[in-house]
Amino acid sequence: MDLQLTGKTAFISGSTEGIGYAAARTLAREGVAVTLNGRNADRLTAAVQTLRREVPGAAVDGVAADFAVRDDVERLCTELSDVDILINNVGLFELKSFTEITADEWRRYFEVNTLSGAQLARRLMPAMLARGWGRVVFISSESGVNVPADMIHYGASKAAMLALGNGLAKLTKGTGVTVNSVLGGPTYSDGVARTVQALAASTGQSEEAMKQAIIGTNSTSLLERFIEPEEIAAMVAFLASPVASATNGAAVRVDGGLLTTVV
């Protein structure tokens, strides 16, 4: 299928690795000029160079900014040119007891996971609406619907992200702009891989055995394996494209069937 994306421009927050990078690569292969983002300038430069090698001829740029630092966010918003597609992917996650999460940590999770998308949409959506075309995609999580007991802070920030996307979609009525969210399930991103590898090393298990042990606790999963970042990216590319014009204000599941018997 031709996604009709050639010549479009996109900014993807938190895109030096994992789902964000996979989304950038998929969009670049569809002819989109992509701007990557990361908080570490060296890692960002490396990601830009890698993507240029992986997709020869692609237009790839990068802007460094840490969404936990207010001055960085303000600078980024002033530097960004108008883009056709905004992918709000940047996010933090950590397994931690509810009683151990401090007020400052709660604020940090919402600053990065939720408010980053609000700030970027506030900067970029007016131009999309003025042009009559644009796409905003939030990378949320099934944890925003079925909040995990050991990541309540994370789930709450992702639930707020879903609410934000739903509200912003109502501002697009009668235009060619859409706002949608992706409910991703357990995905073997680089960050998750590092966590699994650390757990495996601490218990003397292999990485693959630990992966199976973890996914086995999700008894409602129909996929019965971790989702690959590219599988999330495929849905992101579809929602970002003109062919998804009738999908707006939606929370689209790419959860491997995890929520099938939960909601």
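Bear in mind that the values in this text are calculations on the coordinates, not laboratory data. Just so we're clear, the structure is a prediction, and the values are computed from it rather than from any experiment. Every residue, glycine among them, receives a Cβ derived from its backbone with ideal geometry; neighbour counts consider all protein chains shown.
Below, the figures for the structure above:
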read-out: Listed peptides 69-79, 172-182 by packing density, highest first (mean Cβ within 10 Å); value: 172-182, 69-79
read-out: Backbone N under 16 Å from the Leu199 label point (7 Å along Cα→Cβ), restricted to the range 77-104; value: 93-97
read-out: Qualifying lysines (Cα of each under 30 Å from Cα of Lys170; at least 8 residues distant if same chain); value: Lys8, Lys158
read-out: Per-residue [θ]222 nm for the chain (sum of -39500 (n - 2.57) over DSSP H runs n ≥ 4, rounded to 500); value: -13500 deg cm²/dmol
read-out: Under 15 Å from Lys96, Cα to Cα: aspartates and glutamates that are on another chain or at least 8 residues apart; value: Asp104, Glu105, Asp150
read-out: Relative exposure of Met125, Met151, judged by other C-beta atoms within 10 Å (fewest first); value: Met125, Met151
read-out: Near-label residues of the range 1-24 by backbone N, under 12 Å of a point 7 Å along Cα→Cβ of Trp133; value: 4-9
read-out: FRET efficiency, 1/(1 + (r/R0)^6) with R0 25 Å, evaluated for Ser245 and Thr6 via beta carbons; value: 0.90
read-out: Listed peptides 39-47, 130-138, 92-100 by packing density, highest first (mean Cβ within 10 Å); value: 130-138, 39-47, 92-100
read-out: Gained length - Glu74 relative to Asp104, 0.36 nm times residue gap less alpha-carbon distance; value: 8.8 nm
